[in-house]
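K.L.:
Take a look at the following structure, please.
The values are calculated or read from the model by the stated rules, or taken from the named source; none is laboratory data. Nothing here was measured: the structure is a model prediction, and the numbers come from that model. In this analysis, Cβ positions are derived from the backbone assuming ideal geometry, glycine residues included, and neighbour counts consider all displayed protein chains.
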Amino acid sequence: MSKPAKLPFPQLVRAFWSPYLRLLGYMKPYRKRFFLGILFGVLAGIVSGSLTLVILKAGESIGVKVDKSALVPGAISNDGPGIEGVIWISLLIPLVMVLRGLFSYLNVYYLAWVSLRVLRDIRTQLFSHLMSQSLDFFNREKAGKLMSRVMSDTRVTQNALTSISGDIIKDPIAILTQVGVLVAIDWKFSLTTLVLFPLCIVPVVFFGRKVRLAGKAEEKEAAQMSIILQETFAGVRVIKSFAREDYQTAQFAKSSDTQCRNSLRVRRSSDIVQPLIESVAAFGVVLAMIYVYYYDISFIKFAALCGGIFMLYNPVKNLSRIPMLMQKSMVSAENVFSLMSMTPSITDKPGAKVLTHCEGRIDLENVSFDYGTDKAAVQNVTLHIEQGKKYALVGASGAGKSTILSLIMRFYDPQHGVVRLDGTDLRDLAQHSLREQVGMVTQETFLFHDTIFENIRYGRLDATKDEVIAAAKSAFAHDFIMAQPDGYETIVGDKGCMLSGGQQQRLAIARALLKNAPVLLLDEATSALDSESERMVQAALERLSEGRTVVAIAHRLSTILKSDCIVVMDHGRIAATGRHEELLAKSDLYRSLYELQFHHSEGSVPSLTV
């Protein structure tokens with residue numbers, strides 16, 4: 001197999017810097033504070049670089065001189081200004097240090113202010129973009145991975161703004177100023193000691209690639225850890241019911257161990273750079289000592305020059321870290337921006353109609369759809385659902401019942417045919433406005449870890465307290481709510497775990513009642529309940545269904561016997577339609593479903609009350 005062609009160097013450079021340049025675009029709303037931070041960084045660099053010159057001038061003003069051969073008492077003489085002059089000149093040192101500290105603080109503060117707001121904006125935009133994705137995206141992606149992208153990768157990306165944007169301006173200025181001062185004091189000494197500094201680039205380049213590869217593996221394993229955590233906490237009941245706590249712990253320990261090894265690789269490759277630079281600097285000190293031995297320079301001059309060289313250490317160290325930090329940050333930035341570049345499979349057309357109300361008439365005409373497999377979920381389905389009537393979908397698992405509901409909600413678009421609401425193709429309607437006209441109650445009710453009141457009000461966020469209570473009463477939920485420790489302010493727990501299945505369903509029905517949508521979809525809303533809970537929920541569903549167009553899926557035929565029309569599904573097709581009595585007479589499939597459920601108990605016909 002041939003190797004992929006390598007990109008030309010300019011394209012490689014653009015590809016590397018592209019995420020960072022895109023990241024800089026997020027700073028545009030905050031550019032004034034960003035440039036203020038950069039300005040204070042420049043001032044901090046200049047002041048820091050001038051400290052050596054201030055120390056030298058202050059020392060020379062005192063007239064401290066040291067004999068070349070030895071430091072002995074009596075070799076010091078005072079030939080400088082009086083004590084007042086010495087005080088004023090010496091005060092320049094704390095003044096420079098105060099200014100340096102002030103400018104450095106303002107540099108860090110303003111850049112942190114900008115970077116934290118950029119982090120907020122990126123996280124919000126990424127979350128919003130994820131929310132705009134279609135249902136098939138969430139079917140493919142793991143929730144833990146998405147959580148890692150939103151929380152971890154955005155934070156690592158934001159770190160690049162604070163560290164790189166600040167250091168890449170401040171530290172070169174500090175270095176240039178410091179080198180300029182050293183050259184001005186003694187250019188031969190400076191060239192002698194600084195000749196080894198270019199060698200510092202070698203470890204930075206060599207270990208930079210290792211950091212990038214290890215950083216990519218580290219972020220990948222961090223996402224895997226998030227997946228394990230999310231699935232473990234979400235499936236804790238299954239884990240405990242199968243006694244798989246040790247297995248989950250072993251899975252997490254394995255991922256944690258891999259993460260530890262990857263993190264150590266990153267630290268090993270990045271932290272080795274600092275001692276290597278220090279070693280190079282140590283050889284520079286050796287050259288400085290040799291230079292001092294051969295040339296006659298004063299002690300204060302030598303001390304100032306050595307101090308200036310050591311003051312180069314911090315900015316050089318910071319600059320050496322930038323490529324390492326960028327390697328790691330760019331991995332996270334690429335992960336974030338790759339998600340942002342994904343487009344939803346279901347989108348609104350330009351100028352899509354915003355639906356403010358609807359009558360509730362639904363038409364499916366020659367609809368076919370598959371989930372990307374060879375087998376179609378529904379095939380050539382034509383179904384006309386009249387306004388204000390109740391339709392029931394029955395059939396074996398995989399017959400296409402849930403797919404029809406998903407198409408009505410426009411979670412997916414059919415590959416062939418059309419779905420219409422009140423005669424308008426769903427693809428011509430704005431998704432948000434369409435779903436505002438449709439209420440849905442499913443078998444697996446989802447409740448947020450919040451109060452009962454807020455879970456019901458989720459159906460209509462501007463609802464008043466009286467409206468929430470009225471919806472709860474209509475759903476036969478008010479009595480059990482008032483029996484809770486804090487009534488409507490009771491926290492329901494994760495996914496409503498503090499309530500029974502029947503109580504959860506009645507809250508979901510109350511939520512749908514509050515929404516007051518003209519179209520209602522019921523996806524096996526009572527199949528997982530006991531008889532008593534089913535009776536209560538079914539009564540609430542009857543009240544919810546009044547005056548609405550209802551499409552219901554039910555495995556228990558007793559819940560849909562009084563439907564205006566029962567649609568029998570088989571392998572993605574409509575096998576028969578009609579009322580209960582008609583289907584018993586003409587549909588072998590429906591009759592077999594009916595007999596399977598009811599004729600095992602004395603052959604009795606079930607009650608038609610629902």
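K.L.:
Kindly indicate whether residue 144 is under 30 Å from the mean Cα position of the chain (by Cα), at pLDDT below 85 and part of a helix (DSSP H, G or I).
P.N.:
yes
K.L.:
Here's another thing I want to ask about it. If residue 118 passes every condition in (1) at pLDDT 85 or above; (2) within 12 Å of the chain's Cα centre (by Cα); (3) closer than 15 Å to residue 26 by Cβ but one, which one does it miss?
P.N.:
Residue 118 satisfies every listed condition except (2).
K.L.:
Regarding residue 85, is this residue at pLDDT below 85, more than 23 Å from residue 152 (Cα to Cα) and loosely packed, with under 12 Cβ neighbours inside 10 Å? Walk me through it before giving the result.
P.N.:
Values: at pLDDT below 85: yes; more than 23 Å from residue 152 (Cα to Cα): yes; loosely packed, with under 12 Cβ neighbours inside 10 Å: no.
Taking the combined requirement at face value, the residue does not satisfy it.
K.L.:
Of the numbered conditions (1) in a helix (DSSP H, G or I); (2) more than 26 Å from the chain's Cα centre (by Cα), residue 454 satisfies every one except a single condition; which is it?
P.N.:
(2)
K.L.:
Suppose we filter 161, 199, 176, 182 for residues that are assigned to a helix (DSSP H, G or I), at pLDDT 75 or above and within 41 Å of the chain's Cα centre (by Cα); which single one remains?
P.N.:
From the options 161, 199, 176, 182, the qualifying one is 176.
K.L.:
(1) among the aliphatic types (A, V, I, L, M); (2) free of Cβ contacts under 8 Å to residues at least 60 places away in the same chain; (3) within 20 Å of residue 438 (Cα to Cα): which one isn't true of residue 521, the others all being true?
P.N.:
The single condition residue 521 does not satisfy is (2).
K.L.:
Could I ask something else about it? Pick from region 205-222 the residues that are surrounded by fewer than 19 Cβ atoms within 10 Å (Cβ to Cβ) and either of a type in the set (A, V, I, L, M, F, W, C) or not in a helix (DSSP H, G or I) (or both): which of them is modelled with the lowest pLDDT?
P.N.:
Among them, the one singled out is 205.
K.L.:
Let me ask something else. From the list 451, 464, exactly one residue is polar (S, T, N, Q), at pLDDT 90 or above and surrounded by fewer than 16 Cβ atoms within 10 Å (Cβ to Cβ). Which is it?
P.N.:
Testing whether each residue is polar (S, T, N, Q), at pLDDT 90 or above and surrounded by fewer than 16 Cβ atoms within 10 Å (Cβ to Cβ) leaves just 464.
K.L.:
Just for helices (runs of 4 or more DSSP H) wholly inside region 499-610: which have at least 3 residues that are surrounded by fewer than 21 Cβ atoms within 10 Å (Cβ to Cβ) and either modelled with pLDDT of 85 or more or small (Gly, Ala, Ser) (or both)?
P.N.:
Numbers: elements: 501-515, 531-545, 580-586, 588-598.
Ranges flagged: 531-545, 580-586, 588-598.
K.L.:
Okay, next question. Checking residue 462 against (1) in a loop (DSSP other than H, G, I, E, B); (2) charged (D, E, K, R); (3) over 30 Å from residue 411 (Cα atoms), which single condition isn't satisfied?
P.N.:
The failed condition is (3).
K.L.:
May I pose another question? Among (1) of a type in the set (A, V, I, L, M, F, W, C); (2) in a loop (DSSP other than H, G, I, E, B); (3) surrounded by fewer than 22 Cβ atoms within 10 Å (Cβ to Cβ); (4) more than 30 Å from the chain's Cα centre (by Cα), there is one condition residue 470 misses while meeting the rest; what is its number?
P.N.:
So residue 470 meets the others, but not (2).
K.L.:
Within region 26-55, how many residues are among the hydrophobic types (A, V, I, L, M, F, W, C) and not in a helix (DSSP H, G or I)?
P.N.:
Result for region 26-55: 1.
K.L.:
Further, regarding this structure: Can we say residue 397 is without any contact (Cβ under 8 Å) to a residue 60 or more places away in the chain, out of contact with any strand residue (DSSP E or B) (no Cβ under 9 Å at 6 or more places or on another chain) and closer than 24 Å to residue 441 by Cβ?
P.N.:
So residue 397 passes the test.
K.L.:
Inside region 98-129, can you point out the residues that are surrounded by 18 or more Cβ atoms within 10 Å (Cβ to Cβ) and closer than 24 Å to residue 221 by Cα?
P.N.:
119, 122, 123, 126
K.L.:
Say we look at region 239-270 and pick out the residues that are of a type in the set (Val, Ile, Thr) and in contact with an Asp or Glu (Cβ under 9 Å, 6 or more places away or on another chain); which of these is farthest from residue 156 (Cα to Cα)?
P.N.:
In the first step, residues of region 239-270 are kept if they are of a type in the set (Val, Ile, Thr); the result is 239, 249, 258, 266.
After this cut, where a residue has to be in contact with an Asp or Glu (Cβ under 9 Å, 6 or more places away or on another chain) as well, the list is 239, 258, 266.
Values: 239: 33, 258: 19, 266: 14 Å.
The qualifying residue farthest from residue 156 (Cα to Cα) is 239.
Each row is one residue, and each column tells you yes or no for (1) modelled with pLDDT of 70 or more; (2) under 54 Å from the mean Cα position of the chain (by Cα).
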| position | (1), (2) |
| --- | --- |
| 266 | yes, yes |
| 270 | no, yes |
| 278 | no, yes |
| 281 | no, yes |
| 285 | no, yes |
| 290 | yes, no |
| 303 | yes, yes |
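K.L.:
Working carefully through the options 354, 378, 336, find the one that is in contact with a helix residue (DSSP H, G or I) (Cβ under 6 Å, 6 or more places away or on another chain), surrounded by 13 or more Cβ atoms within 10 Å (Cβ to Cβ) and modelled with pLDDT of 90 or more.
P.N.:
Exactly one of 354, 378, 336 is in contact with a helix residue (DSSP H, G or I) (Cβ under 6 Å, 6 or more places away or on another chain), surrounded by 13 or more Cβ atoms within 10 Å (Cβ to Cβ) and modelled with pLDDT of 90 or more, namely 378.
K.L.:
Give me the residue from region 473-498 that is surrounded by fewer than 21 Cβ atoms within 10 Å (Cβ to Cβ) and touching a Leu at 6+ places or on another chain (Cβ under 7 Å) and, out of that set, modelled with the highest pLDDT.
P.N.:
So in region 473-498, the residues surrounded by fewer than 21 Cβ atoms within 10 Å (Cβ to Cβ) come out as 473-474, 476, 478-480, 482-491, 493-495, 497-498.
Retained after the next criterion (residues that are touching a Leu at 6+ places or on another chain (Cβ under 7 Å)): 474, 495.
Working: 474: 86, 495: 79.
The selected residue is 474.
K.L.:
Further question: Looking at 232, 249, which one is hydroxyl-bearing (Ser, Thr, Tyr), surrounded by 16 or more Cβ atoms within 10 Å (Cβ to Cβ) and modelled with pLDDT of 70 or more?
P.N.:
On the way: 249 fails: surrounded by 16 or more Cβ atoms within 10 Å (Cβ to Cβ).
Just one listed residue meets the conditions, 232.
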